[in-house]
Amino acid sequence: MLDAETRTAILRLHREGHGLRRIARALGVSRNAVRRVLQTKSLEVPKLERPGQLDEHLELIRELVVVCEGNLVRVGEKLADEGIATGYSTLTRFCRRHGIGRSKPKPPAGRYVFEPGEEMQHDTSPHDVTIGGKRMRVQCASLVLCYSRRLFARAYRRFRRFECRAFLTEAIPYLGGAASRCIVDNTSVVRAHGTGSDMVPAAEMLALSKRFEFDFVAHAIGDANRSARVEGPFYFIERNFYPGRTFTSLDDLNAQLRAWCDKVNAGPRKIDGQRDVVPMELYAAEQHLLSPLPLHIPTVYELHGRRVDAEGYVNLHTNRYSVPSRLPNGETAVGRSLEVRETLDAIIVLDGHDEVARHARVESGLGKRITLEAHRDGRWRKRPVEPSREERLLVAAAPELGELAARLRKRHGGQGLRPIRRLHRMYLEYPTTCLLDAVRTALHYGLLDLGRLEAMTLERIRGDFFRLPVEPPLATTPAPDEPHEEEHDDGRRAAPAADEPEAPPGGGDL
């Protein structure tokens with residue numbers, strides 16, 4: 001198929017009087033192609049009409065796209081069930097050509113050009129990262145200068161307005177200053193009300209922007225391309241930073257991420273189609289146009305009011321932080337309302353202007369109790385458990401009973417009154433010799449079940465202290481001159497004493 005330029009050359013050479021053979025040889029085409037162009041005398045390239053593989057199934061495909069909710073993979077499977085075999089790329093090309101599955105064509109994104117110091121963009125993105133061998137989701141926040149593409153990023157477990165203020169307070173000094181405006185999305189982290197150009201920042205965020213001399217501007221809802229300068233680096237971080245790296249903690253991740261930002265900013269990158277562009281070289285032309293940093297940048301903190309509980313702790317985000325028993329003014333801390341300042345790294349407890357305690361900040365929601373060594377006075381020490389009266393009697397009676405009582409108290413906690421009182425009752429009711437023999441066996445095997453110990457004691461008492469029933473001897477008629485004799489268990493026979501009562505027939509247990 002000859003293009004319009006070749007067809008124009010053929011017609012021009014023919015008007016100049018050149019023959020078919022010479023025109024074909026000069027343009028590198030066949031004489032038949034030259035002949036067809038001269039017959040039509042048209043510069044328009046004829047459309048190639050070829051019957052498509054799926055043209056006859058157009059209506060069926062339209063119906064299947066609706067049934068399958070636009071999923072062309074399922075459409076291809078449905079066509080295969082109908083005996084129509086086609087490739088996925090063929091099906092997608094056919095749907096694009098006929099406008100199936102798309103209500104309107106996607107408009108071009110356009111291009112935004114920024115002058116040095118004109119704009120910076122801020123956003124967050126959730127990333128799933130393995131930290132300390134555990135898979136968890138973190139919120140990655142980044143700030144980018146739109147002209148030089150200098151980048152700063154940091155990860156957080158959660159991203160609230162407090163974390164946003166702390167991040168910008170760290171990111172803007174890293175970039176050496178702030179651009180005149182900062183583009184954000186319509187998140188409630190920054191805005192108080194309104195969307196797009198009508199967005200009004202919250203009071204805390206407005207104070208932050210005044211400190212660093214820039215303005216927050218929100219893009220229109222759905223116009224994600226407006227913040228493309230900051231959206232692109234998130235993909236870059238996921239594909240270039242996380243793979244092949246291990247992290248022991250969130251602080252370790254942020255330390256490695258900061259070093260990675262230093263390396264990326266100093267190295268060559270592809271910017272606006274140009275390769276080997278170094279952001280730091282562009283930053284040299286932008287730095288003097290950024291807003292200068294203030295002389296003093298205060299630490300970002302969140303203020304809480306907390307009352308000291310009965311154990312001497314203040315509660316914050318399900319964690320408990322200790323305070324001293326006595327405040328600097330000499331008053332007792334329990335029950336007092338104190339001021340708690342929460343920073344990203346520390347928890348500071350204040351009584352007015354006096355700092356009462358300073359703790360390392362623990363991740364929210366863990367339910368931990370943090371106690372400083374200076375606060376470990378008698379309130380948190382376990383008082384020794386005094387042995388009960390019954391236990392003291394058992395210890396005095398025999399060392400075996402004292403050992404068993406100590407084990408019972410350790411197992412049941414506290415004084416162990418119930419099991420120790422039961423053991424003391426057994427000591428009072430049963431012979432000491434049999435009880436001690438059973439206790440020695442129980443201590444040897446680590447047996448602390450008093451029910452089994454009592455059964456073992458009764459077995460010993462039954463054999464040693466009670467007469468067991470025996471079969472009576474066969475009745476014989478004694479001789480008249482022989483007195484009646486009674487046979488003992490050991491086979492000896494003796495006549496009963498005159499003053500001793502006769503034993504009951506059959507014997508029996510007492």
If you average the alpha carbon positions of segment 388-462 and of segment 114-140, how far apart do those two centres end up, in angstrom?
65 Å
What residues qualify as long-range amide H neighbours of Leu316, i.e. H under 5 Å apart, gap of 5 or more or another chain, H built at 1.01 Å from N?
Tyr321
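Work out, step by step, the length gained on full extension between Thr433 and Leu43: first 0.36 nm times the residue separation, then minus their alpha carbon distance; give nm to one decimal. Don't skip to the end; give the middle numbers.
Details: separation 390, 0.36 × 390 = 140.40 nm, distance 12.56 nm.
Extra length from Thr433 to Leu43 when fully extended: 127.8 nm.
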What are the residues whose amide H is under 5 Å from the amide H of Met199, where those residues sit 5 or more places off or on another chain and H is modelled from the backbone?
Ala218
Note, ³J(HN,Hα) from phi for segment 346-352, Karplus 6.51, -1.76, 1.60, rounded to Hz, x at Gly and Pro
9, 10, 10, 9, 10, 10, x
Label point at Glu115 placed 7 Å out along Cα→Cβ; residues across segment 156-198 whose backbone nitrogen lies under 12 Å
180
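Could the peptides 148-158, 216-226 be put in order, highest first, of the mean number of other beta-carbon atoms found within 10 Å of their residues? Walk me through the numbers on the way to the answer.
Details: 148-158: 21.1, 216-226: 15.3.
Ranked from most to least packed, the peptides come out as 148-158, 216-226.
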If R0 is 60 Å, what FRET efficiency do you get for Arg392 and Ile370 from their C-beta distance, rounded to 0.05?
0.90
For segment 190-329, report the translational diffusion coefficient in µm²/s to the nearest whole number, using Stokes-Einstein at 10 °C, 1.306 mPa s, and a Kirkwood Rh over Cα pairs.
78 µm²/s
In sequence order, what are the phi-derived ³J(HN,Hα) couplings for segment 402-414 according to the Karplus relation 6.51 cos²θ - 1.76 cosθ + 1.60 with θ = phi - 60°, rounded to whole Hz, with x for glycine and proline?
x, 5, 5, 5, 5, 5, 5, 5, 5, 6, 8, x, x
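Under 1.5 on a/c is rounded, so check that first for segment 90-215, then, if it is not, pick prolate when a/b is larger than b/c and oblate when it is not; a ≥ b ≥ c are the square roots of the alpha carbon gyration tensor eigenvalues. Write out the running numbers ahead of the final one.
Working: a/c = 2.00, a/b = 1.46, b/c = 1.37.
Since a/c reaches 1.5 and a/b is larger than b/c, the shape of segment 90-215 is classed as prolate.
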Distance between Cα centroids, segment 239-282 to segment 297-351: provide it in whole Å.
39 Å
On the formula 1/(1 + (r/R0)^6), with r taken between the Cβ atoms of Arg245 and Glu204 and R0 of 45 Å, the FRET efficiency rounded to 0.05 is 0.85
Here the longest stretch of the chain that holds no GluC sites (Glu not before Pro) in a DSSP loop having at most 13 other beta carbon atoms within 10 Å is 83-310
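Which order do the peptides 90-98, 435-443 take when ranked by the mean count of other beta-carbon atoms within 10 Å per residue, highest first? Don't skip to the end; give the middle numbers.
Numbers: 90-98: 15.2, 435-443: 18.7.
Taking the mean over residues of other Cβ atoms within 10 Å, the ranking is 435-443, 90-98.
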Using just the Cα positions, wrap segment 1-101 in a convex hull and report its mean projected area in square nanometres, one decimal place.
8.4 nm²
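Please report the antiparallel percentage of the DSSP beta bridges confined to the chain, to the nearest 5.
Values: 46 of 56 bridges.
Antiparallel: roughly 80 percent of the beta bridges in the chain.
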Quick one: if you take sqrt(5λ) for each eigenvalue of the C-alpha gyration tensor of the chain, what semi-axes come out, biggest first, whole angstrom?
93, 45, 19
Accessible area expressed per residue, the chain, with surrounding protein chains retained (probe 1.4 Å, Å²):
63 Å²
How big is the dipole moment of the chain about its Cα centre under a simple scheme where the beta carbon of each Lys and Arg is +1, that of each Asp and Glu is -1, and everything else is neutral? Debye, nearest 20, please.
4980 debye
Built amide H within the under 5 Å cut-off of Ala178, gap 5+
Ser291
Tilt relative to the chain, helix 228-240 - C-alpha long axis, 0 to 90 degrees, to 10
50 degrees
Can you give me the % of accessible surface on the chain that is carbon or sulfur? Probe 1.4 Å, all protein chains present, nothing else counted.
50 percent
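The values are calculated or read from the model by the stated rules, or taken from the named source; none is laboratory data. It should be emphasised that the depicted structure is a prediction, and the values quoted were computed from it without experimental measurement. Note that each Cβ is placed from the backbone with ideal geometry, even for glycine, and that neighbours are counted across all protein chains shown. Quick note on the areas: whole protein, heavy atoms, side chains included, nothing else; ligands and nucleic acids left out. Shrake-Rupley method; radii C 1.70, N 1.55, O 1.52, S 1.80 Å.
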